[in-house]
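First the structure, in the form of structure tokens, and then the observations on it.
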Amino acid sequence: MISNSKYFNRSILWIARGWGGIILAFILFILIAHIFGNDEGGSGFANTKEVITFILFPVSTITGLAIAYKWEGLGGLISSLAILTAMFINDGIDLKFLLTIFPPGFLYLVYWFLERRENRHPERMKLH
């Protein structure tokens with residue numbers, strides 16, 4: 001019989017996977033449309049702040065969410081840190097937008113923490 005905490009942990013994992021999958025698909029669609037679009041008005045990046053923000057937001061977020069399907073803790077950490085760092089570097093990121101994209105990485109971290117805590121075995125005392 002599976003305990004209630006296992007159900008809770010699995011629910012967190014599948015909510016994070018579903019939400020993260022939707023975000024991953026949306027960001028990849030926008031990124032591919034931008035790369036292969038016919039828009040000639042793109043002037044590239046204006047300064048290094050924009051380059052760092054680009055590396056942090058779409059690139060690191062996509063990487064983190066993709067890694068989180070296999071390694072929840074590492075992928076959640078990459079995704080969460082990338083989004084938070086991009087928010088602090090670039091003041092133009094809207095809070096509503098952040099609250100839409102941040103939770104899957106955070107939920108992966110919560111799942112990883114709860115699973116680690118639940119699967120931790122207490123050390124047995126050696127008598128000799």
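Take the residues of segment 13-56 that are of a type in the set (A, V, I, L, M, F, W, C) and outside any helix (DSSP H, G or I): which is modelled with the highest pLDDT? Even if it seems obvious, please write down each step before you answer.
Within segment 13-56, the subset of a type in the set (A, V, I, L, M, F, W, C) is 13-16, 19, 22-33, 35-36, 45-46, 51-52, 54-56.
The next check asks that each one be outside any helix (DSSP H, G or I); those that pass are 45-46.
On the way: 45: 72, 46: 76.
If we take residues in segment 13-56 being of a type in the set (A, V, I, L, M, F, W, C) and outside any helix (DSSP H, G or I), then 46 is modelled with the highest pLDDT.
Does at least one position in segment 1-23 carry a residue that is free of Cβ contacts under 8 Å to residues at least 24 places away in the same chain, over 20 Å from residue 118 (Cα atoms), surrounded by 14 or more Cβ atoms within 10 Å (Cβ to Cβ) and within 9 Å of the chain's Cα centre (by Cα)?
No: segment 1-23 contains no residue that is free of Cβ contacts under 8 Å to residues at least 24 places away in the same chain, over 20 Å from residue 118 (Cα atoms), surrounded by 14 or more Cβ atoms within 10 Å (Cβ to Cβ) and within 9 Å of the chain's Cα centre (by Cα).
Residues are listed down the side, and each one gets a yes or a no for (1) at pLDDT 95 or above; (2) in contact with a Lys or Arg (Cβ under 8 Å, 6 or more places away or on another chain); (3) not charged (D, E, K, R):
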{"site": "1", "(1), (2), (3)": "no, no, yes"}
{"site": "58", "(1), (2), (3)": "no, no, yes"}
{"site": "77", "(1), (2), (3)": "yes, no, yes"}
{"site": "94", "(1), (2), (3)": "no, no, no"}
{"site": "98", "(1), (2), (3)": "no, no, yes"}
{"site": "101", "(1), (2), (3)": "no, no, yes"}
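Scan segment 68-92 for residues that are of a type in the set (S, T, N, Q) and over 15 Å from residue 111 (Cβ atoms) and jot them down.
Applying the first criterion (of a type in the set (S, T, N, Q)) to segment 68-92 yields 79-80, 85, 90.
Listed by number, the residues that qualify are 85, 90.
Is it the case that residue 96 is without any contact (Cβ under 8 Å) to a residue 24 or more places away in the chain and not in a helix (DSSP H, G or I)? Talk me through it step by step, then tell me what you get.
Details: without any contact (Cβ under 8 Å) to a residue 24 or more places away in the chain: yes; not in a helix (DSSP H, G or I): no.
Spelling it out, it is not the case that residue 96 is without any contact (Cβ under 8 Å) to a residue 24 or more places away in the chain and not in a helix (DSSP H, G or I).
The values are calculated or read from the model by the stated rules, or taken from the named source; none is laboratory data. What you see is a predicted model; the values in this text were computed from it and never measured. When we count neighbours, we look across all protein chains shown, and the Cβ atoms used for this are built from the backbone with ideal geometry, even at glycine.
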